[in-house]
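Trainee: Before I ask anything, here is the structure I am working with.
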């Protein structure tokens, strides 16, 4: 059990269920949404979509993950986030710099951990492209450590999302390679000062043996020193539902789900979009949230905080 600060503990409480599990509604997507719907090239249209999803679905989650460019402040201003639902705000710029086999990450220009804290975020999310054998692996690790230090300074929860990639140009990781990379990434990056690991499913989506699914997820749990949650990676809802069951039964602490819940709404006309969100999407999210609350491992099994009566003197 790791002791954390009062501020960090409060942040975790605000983005988790009463039981200590996570169901984060992920809506920090930017460029991939613009590619999927040309109308979203316009910031106002992209923001409108995100606020539609947030205002309809956020109450069925424990937190909502938004970007600072077109949705986080706008959702607060529009009262789209229920007051009892946590707010996680992304830090990173879309995409990466550097070579495709040696990738770098960067913070959105003009944005910072300190600004996220000031605007009322309960946590920040940092995405990095990472392969443990990449020439840039050490620099990515140092980058994460630096951001974690900033989050510690401002008592803000840090959710890290490492995305894997192949070191062979033009190819993707095999299922065996992905298992190795996701598990090794959890081993190396969960101990860098982060608070939550937002992890990929540790096998290729075409792997159908669900016994292997659970074993692979156990491997992630075995090496991660922080709670980990499963991202949806644009798989379809039915596949993701089964992945969530396997992951939570193997020690995951919940999910960060985006397109598996709402992806069909991206290209729908506005009225049809709202109807889809109010029916199919909310049913999906409610089901996933119920599973996490029933099966996931609470963050309280990882963290605690103490408060001696003079704590404020050295805070």
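Trainee: Under the Kirkwood approximation for Rh and a Cα-based Rg, what ratio Rg/Rh is obtained for region 6-79? Could the numbers behind the result be given before it?
Mentor: Working: Rg = 13.7 Å, Rh = 13.2 Å.
On the Cα set of region 6-79, Rg over Rh gives 1.04.
Trainee: Additional query: Using alpha carbon centroids, what distance separates region 42-83 and region 228-246, in Å?
Mentor: 22 Å
Trainee: I'd like the projected area of region 139-205, averaged over all directions, using the convex hull of its alpha carbons. Report it in nm² with one decimal.
Mentor: Details: hull surface 19.0 nm².
If you wrap the Cα atoms of region 139-205 in a convex hull and average its projections, you get 4.8 nm².
Trainee: Looking only at 117, 212, 35, which one moves most when the chain is put into a Gaussian network model with springs between Cα atoms under 10 Å?
Mentor: Greatest mean-square fluctuation among the candidates belongs to 35.
Trainee: Working from the pairwise distances between different alpha carbons, so that the mean of 1/r is found and then inverted, what is region 235-315's Kirkwood radius in Å?
Mentor: Details: mean 1/r = 0.0663 Å⁻¹.
When all Cα pairs of region 235-315 are included, the Kirkwood radius is 15.1 Å.
Trainee: I've got another one for you. Helix-only mean residue ellipticity at 222 nm, the chain, DSSP H runs n ≥ 4 weighted -39,500 (n - 2.57), per residue, nearest 500. What is it? The partial results should precede the final answer.
Mentor: Details: 13 runs with 131 residues, N = 315.
After summing the helix terms and dividing by the residues of the chain, the value is -12000 deg cm²/dmol.
Trainee: Still on this structure, I have one more. Among bridges DSSP assigns within the chain, what percent are antiparallel (round to 5)? Let's see the in-between values first.
Mentor: Details: 4 of 34 bridges.
Roughly 10 percent of the DSSP beta bridges within the chain come out antiparallel.
Trainee: Hey, quick one: spin label on residue 204, modelled 7 Å out along Cα-Cβ, who in region 161-177 has an amide N within reach, i.e. under 13 Å?
Mentor: From region 161-177, the list is 166, 171-177.
Trainee: Contour minus end-to-end for residue 168 and residue 242, with contour as 0.36 nm per residue of separation and end-to-end as the Cα-Cα distance?
Mentor: Working: separation 74, 0.36 × 74 = 26.64 nm, distance 3.00 nm.
So the extension gain works out to 23.6 nm.
Trainee: Sticking with this one: How many angstrom separate the Cα center of region 136-165 from the Cα center of region 168-214?
Mentor: Each part reduced to its Cα centre gives a spacing of 18 Å.
Trainee: Also, I was wondering about something else. How large is Rg over Rh for region 1-144, taking Rg from the Cα atoms and Rh as the Kirkwood inverse mean of 1/r across Cα pairs? Intermediate results must be reported in sequence, preceding the final value.
Mentor: Details: Rg = 16.3 Å, Rh = 16.4 Å.
We get a ratio of 0.99 for region 1-144.
Trainee: Just one of (1) 19.5, 71; (2) 17.8, 51; (3) 18.5, 59 is Rg and Dmax of the Cα atoms in Å calculated from these coordinates, so which is it?
Mentor: (3)
Trainee: Here's a follow-up. Kindly identify region 97-194 as rounded, prolate or oblate by the Cα gyration tensor criterion: order the square roots of the eigenvalues as a ≥ b ≥ c, call it rounded if a/c is under 1.5, otherwise compare a/b with b/c, prolate if a/b is larger, else oblate.
Mentor: Numbers: a/c = 2.48, a/b = 1.90, b/c = 1.31.
Verdict is prolate for region 97-194.
Trainee: OK, next. Among the DSSP beta bridges whose two residues both lie in region 37-150, what percent are antiparallel, rounded to the nearest 5?
Mentor: Around 35 percent antiparallel, to the nearest 5.
None of the figures in this text is laboratory data; all of them are computed from the coordinates on show. Everything numeric in this text was worked out from a predicted model, so none of it was measured. Every residue, glycine as well, gets a Cβ built from its backbone with ideal geometry; the counts of neighbours run over all protein chains shown.
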